[in-house]
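**Q** Handing you a structure now.
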Amino acid sequence: MFRTALAAFLLAATPAAAQQLTPQETAQVDAIVARALQSTQVPSASIAIVRDGRIVYAKAYGDQGPGIAKGPSTDAKYPIASISKQFTAAALLLLEDEGKLRLDDKVAKFFPDISGADKVSIRQLLSHTAGLQDYWPQDYSFAAMEKPVTPQEIVDRWGKKPLDFEPGTAWQYSNTGYVVAGMIAEKASGMPLLDYLNARVFKPLGMKPVDQDLAIGKGYPLPTHRFALGPVRPAKPAAHGWLWAAGELAMTASDLAKWDIARIERSVLTPEDWKEQETVVSLTGGGSTRYGLGVSLGEHGGTPEVSHGGEAVGFLSSNVVLPEKRFAVVALVNADFGGAQDAITDGVTNLFFPVAAAAPAQNLNQVRDALARTLYDQLRSGTLDRAMLTANANYYFDATTTGDYRDSLTALGAPVSIVPLGGPRLRGGFVNRNYAINFADRRLIAITYAEPGAAGKFEQFIVMPGE
């Protein structure tokens, strides 16, 4: 069913809009996508890149399936699934601006029969801190999803179960909470949720999303999945209604990039609303959720990062925005396996804003070995940091001792290596570690004792000739 990878990439669509990337950057981006698709066997991807607040690159790759006659096409709309949550949250922020609700209103004001309605706030629904049990934790369609469902039916089955925890005390992803939030938005606005978003968000931004339940067949990418390492197979979407306010939208990568630009420019929503969406919600005990209102919050190389992923049957998506850098990247794929979408957004983000890999954490012995090398170098140069020594060691290293260490060791120059001899041993309340200090033509031995722990002071550091 799917063309070979080579043929698919040769058929990749021409980049849309003005080409703002250098030829080298274009080649690097294409290579990132090619590696992600080839290593995972994901059939296709559609991406968009925002730089300096503008869409500078949009391209589709691979095999989008038989519904795309002249694919791959950047015009193909992919379900973005849970990335839709930030739009549901935006609707409620706008309704608050209109005076039709407050985010700290209790659910009971609108739907008193929801579990914990008198304790759960709208803000807690949007931040996954309400305690409502998630109706779709699985990464596959369960039996009930063979049949269409309404938001009320979802709420009747899952939204009236006992809360999983006291509201505000924990964070637990809940699609159920977003269905309730969508119902509140419709009740407060008097409009279907998608109609409200079209009027207030999508049309002003020139976006043309559709209900993902309708994004099936001709003109749309084919959803796919795999069982273990088996062949890539067409996936059967869930019946109508199962994603709704928790993930109801399908759109192009460029459409989602337009929303990212609005976030960067602080348009459509007020700056205060954007800030509220991007503020980490804290738990009542003081812990951080690393989540705002429909968005995950983190950092990339020290700069704030706003992101979210999405999963529908046969599709995955990733959206990453660095507002302070005026940068964003979108990756949509027609497969619910493999993680190609994250490999693409991570790779492209790191391409334009590289972050040095964090050095692996040192274990205790490595820390102590480094301190031993530091102390040896101090003795060799005559610049002893006495804060590293116990009172006894400071007594030992008097003027005569430090002078002899400095004069004799300086003449040897820097050692080729300082290598531990054996492992650490306890003795007299101290930890004994011994070292071979190697030079090109000779070896010294250091016999050390130190207080336990990474910051333990040295009780002894005696250097003597080796074999």
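**Q** Mind counting the residues in the range 329-359 that are modelled with pLDDT of 95 or more and either aliphatic (A, V, I, L, M) or crowded, with 22+ Cβ neighbours inside 10 Å (or both)?
**A** Residues meeting the conditions: 15.
**Q** Hey, among the residues in the range 150-164 that are among the charged types (D, E, K, R) and part of a helix (DSSP H, G or I), which one's surrounded by the fewest Cβ atoms within 10 Å (Cβ to Cβ)?
**A** The initial filter retains those residues of the range 150-164 that are among the charged types (D, E, K, R), namely 153, 156-157, 160-161, 164.
Filter again for part of a helix (DSSP H, G or I), leaving 153, 156-157.
Numbers: Glu153: 14, Asp156: 12, Arg157: 14.
Looking at the filtered set, the residue picked out is Asp156.
**Q** Continuing with the same structure: Please determine, by comparing only the residues of the range 243-280 that are touching a strand residue (DSSP E or B) at 6+ places or on another chain (Cβ under 9 Å) and assigned to a loop (DSSP other than H, G, I, E, B), which one is nearest to Tyr57 (Cα to Cα).
**A** Thr252
Per-residue answers, yes or no, for (1) touching a helix residue (DSSP H, G or I) at 6+ places or on another chain (Cβ under 6 Å); (2) under 22 Å from Val295 (Cα atoms); (3) without any contact (Cβ under 8 Å) to a residue 12 or more places away in the chain; (4) not assigned by TED's automatic domain parsing to the domain that holds Leu126:
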position	(1), (2), (3), (4)
Gly62	yes, no, no, no
Ile68	no, no, no, no
Ala76	no, no, no, no
Pro79	yes, yes, no, no
Ile83	no, yes, no, no
Ala89	yes, yes, no, no
Leu94	yes, yes, no, no
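**Q** Taking the range 350-403 as the region of interest, how many residues are under 30 Å from Gln24 (Cα atoms) and either assigned to a helix (DSSP H, G or I) or over 40 Å from the mean Cα position of the chain (by Cα) (or both)?
**A** First pass over the range 350-403, keeping only residues under 30 Å from Gln24 (Cα atoms): 350-359.
Keeping just the survivors that are either assigned to a helix (DSSP H, G or I) or over 40 Å from the mean Cα position of the chain (by Cα) (or both) gives 350-352.
Result for the range 350-403: 3.
**Q** Which one of Gly298, Gly309, Gly347 is in contact with an Asp or Glu (Cβ under 8 Å, 6 or more places away or on another chain), over 19 Å from Asp255 (Cα atoms) and not in a loop (DSSP other than H, G, I, E, B)?
**A** On the way: Gly309 fails: over 19 Å from Asp255 (Cα atoms); Gly347 fails: in contact with an Asp or Glu (Cβ under 8 Å, 6 or more places away or on another chain).
Sole residue among the options that is in contact with an Asp or Glu (Cβ under 8 Å, 6 or more places away or on another chain), over 19 Å from Asp255 (Cα atoms) and not in a loop (DSSP other than H, G, I, E, B): Gly298.
**Q** Can you list residue pairs whose Cβ atoms sit under 8 Å apart, with the first residue in the range 222-245 being in contact (Cβ under 8 Å) with a residue 60 or more places away in the chain and over 27 Å from Ser73 (Cβ atoms) and the second being of a type in the set (S, T, N, Q) and surrounded by 19 or more Cβ atoms within 10 Å (Cβ to Cβ)? Count only pairs 6 or more apart in sequence or on different chains.
**A** Close Cβ pairs (under 8 Å, with a partner that is of a type in the set (S, T, N, Q) and surrounded by 19 or more Cβ atoms within 10 Å (Cβ to Cβ)) amount to Ala245/Ser84; Ala245/Thr88.
**Q** Within the bounds of the range 165-172, is there any residue that is assigned to a helix (DSSP H, G or I), at pLDDT 95 or above and under 29 Å from Phe111 (Cβ atoms)?
**A** Going through the range 165-172, the residues assigned to a helix (DSSP H, G or I) turn out to be none.
No, because not a single residue in the range 165-172 is assigned to a helix (DSSP H, G or I), at pLDDT 95 or above and under 29 Å from Phe111 (Cβ atoms).
**Q** Among the residues of the range 382-401, is there at least one that is of a type in the set (Ser, Thr, Tyr), touching a residue at least 40 places away in the same chain (Cβ under 8 Å) and out of contact with any helix residue (DSSP H, G or I) (no Cβ under 6 Å at 6 or more places or on another chain)? First the steps, then the outcome.
**A** Going through the range 382-401, the residues of a type in the set (Ser, Thr, Tyr) turn out to be 383, 390, 395-396, 400-401.
The next check asks that each one be touching a residue at least 40 places away in the same chain (Cβ under 8 Å); those that pass are 390, 396.
When the remaining residues are screened for being out of contact with any helix residue (DSSP H, G or I) (no Cβ under 6 Å at 6 or more places or on another chain), the result is 390, 396.
Checking the range 382-401: at least one residue is of a type in the set (Ser, Thr, Tyr), touching a residue at least 40 places away in the same chain (Cβ under 8 Å) and out of contact with any helix residue (DSSP H, G or I) (no Cβ under 6 Å at 6 or more places or on another chain).
**Q** How many of the residues making up the range 173-200 are assigned to a loop (DSSP other than H, G, I, E, B), of a type in the set (Gly, Ala, Ser) and without any contact (Cβ under 8 Å) to a residue 24 or more places away in the chain? Explain how you work it out, then say what you get.
**A** Just the residues of the range 173-200 that are assigned to a loop (DSSP other than H, G, I, E, B), to begin with: 173-174, 190-192.
Narrowing the set further to residues that are of a type in the set (Gly, Ala, Ser) leaves 174, 190.
Within this subset, residues satisfying the condition of being without any contact (Cβ under 8 Å) to a residue 24 or more places away in the chain are 190.
Qualifying residue count, the range 173-200: 1.
**Q** Now a separate question. For the range 426-467, give me each residue that is under 14 Å from Ala370 (Cβ atoms) and of a type in the set (Lys, Arg).
**A** Within the range 426-467, just Arg433 meets the criteria.
The values are calculated or read from the model by the stated rules, or taken from the named source; none is laboratory data. All figures in this text were calculated on a predicted structure; none of them were measured in a lab. Ideal geometry is used to build each Cβ from the backbone, glycine not excepted, and the neighbour counts take in all protein chains shown.
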